[in-house]
Amino acid sequence: MSFLLARECMVRFSYTARMKHAFDARHLHIAAFAKSEGTHAGEERLSHFERLMEQSQGLGGETLVTYSVQGSMQLDAAGAEEPWLHLQAQATLSLVCQRCLGPVDEVVGFERDFRFVASEALAEVEDEESDEDVLVLSKSFDLLELIEDELLMATPLVSKHEVCPTPVKLQAADPEFAELPQEKPNPFAVLQQLKKKDAG
């Protein structure tokens with residue numbers, strides 16, 4: 001093994017070791033993490049995600065959002081290296097059952113690849129043409145915000161219990177509502193009665 005190759009391996013190992021102890025999901029250096037092929041698995045309480053708490057009706061703040069992330073460098077079409085993240089996350093949210101209107105726990109998760117480019121303009125152009133999501137490269141990237149965005153998009157629009165815990169009333173009756181007679185009076189018969197009264 002050459003001296004330069006050995007040095008590169010030592011630097012990569014050193015950085016990866018530091019990342020295990022000093023990983024900051026709110027301020028992630030994307031390029032450094034990807035070049036080191038860094039990996040990290042973590043968990044955060046749901047209460048740390050304001051928008052997810054709103055989606056979860058303020059319930060389950062102690063529930064854990066679990067995630068794992070892996071960085072890598074991959075070649076683009078021109079042969080230049082670009083940073084990538086492979087990210088997955090999962091959480092249990094307390095949503096509203098659309099049948100009984102009670103709380104229903106839904107497991108929400110995603111697994112996606114993200115490619116990072118130098119500018120917002122480039123990201124907008126390439127994101128439309130790419131299967132993966134294209135984001136802007138940053139030295140202080142908020143990974144937890146990205147996780148929250150993706151979990152919100154993965155949340156089902158309609159949630160229902162498989163079997164609701166309480167019986168669901170399929171129809172409601174108003175006690176003050178007077179039922180109409182089953183048979184409506186014949187208007188001609190009414191007219192005939194009025195003629196008889198006038199004749200009498």
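The values are calculated or read from the model by the stated rules, or taken from the named source; none is laboratory data. What you see is a predicted model; the values in this text were computed from it and never measured. Neighbour counts are summed over all protein chains in view; Cβ atoms, including those assigned to glycine, are modelled from backbone coordinates with ideal geometry.
For region 53-69, the criterion of being within 30 Å of Ser94 (Cβ to Cβ), among the charged types (D, E, K, R) and outside any loop (DSSP other than H, G, I, E, B) is met by at least one residue.
Under the condition of being in contact with a Gly (Cβ under 6 Å, 6 or more places away or on another chain) and among the aliphatic types (A, V, I, L, M), the residues counted in region 84-104 number 1.
Restricting the first member to region 126-137 and to residues that are on the phi < 0 side of the Ramachandran plot and among the β-branched types (Val, Ile, Thr), and the second to residues that are at pLDDT 95 or above and surrounded by 14 or more Cβ atoms within 10 Å (Cβ to Cβ), the beta-carbon pairs closer than 6 Å and six or more apart or on different chains are Val134/Arg115.
For region 43-58, filtering for residues that are among the small types (Gly, Ala, Ser) and out of contact with any helix residue (DSSP H, G or I) (no Cβ under 7 Å at 6 or more places or on another chain) leaves 1.
Failed condition for Glu106, given (1) touching a residue at least 24 places away in the same chain (Cβ under 8 Å); (2) among the charged types (D, E, K, R); (3) surrounded by fewer than 15 Cβ atoms within 10 Å (Cβ to Cβ), with all others met? Going through (1) touching a residue at least 24 places away in the same chain (Cβ under 8 Å); (2) among the charged types (D, E, K, R); (3) surrounded by fewer than 15 Cβ atoms within 10 Å (Cβ to Cβ) one by one, Glu106 breaks only (3).
Residues are listed down the side, and each one gets a yes or a no for (1) under 30 Å from Lys169 (Cα atoms); (2) surrounded by fewer than 17 Cβ atoms within 10 Å (Cβ to Cβ); (3) in contact with a Gly (Cβ under 7 Å, 6 or more places away or on another chain):
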{"site": "Ser56", "(1), (2), (3)": "yes, no, no"}
{"site": "Leu59", "(1), (2), (3)": "yes, yes, no"}
{"site": "Leu64", "(1), (2), (3)": "no, yes, no"}
{"site": "Glu82", "(1), (2), (3)": "no, no, no"}
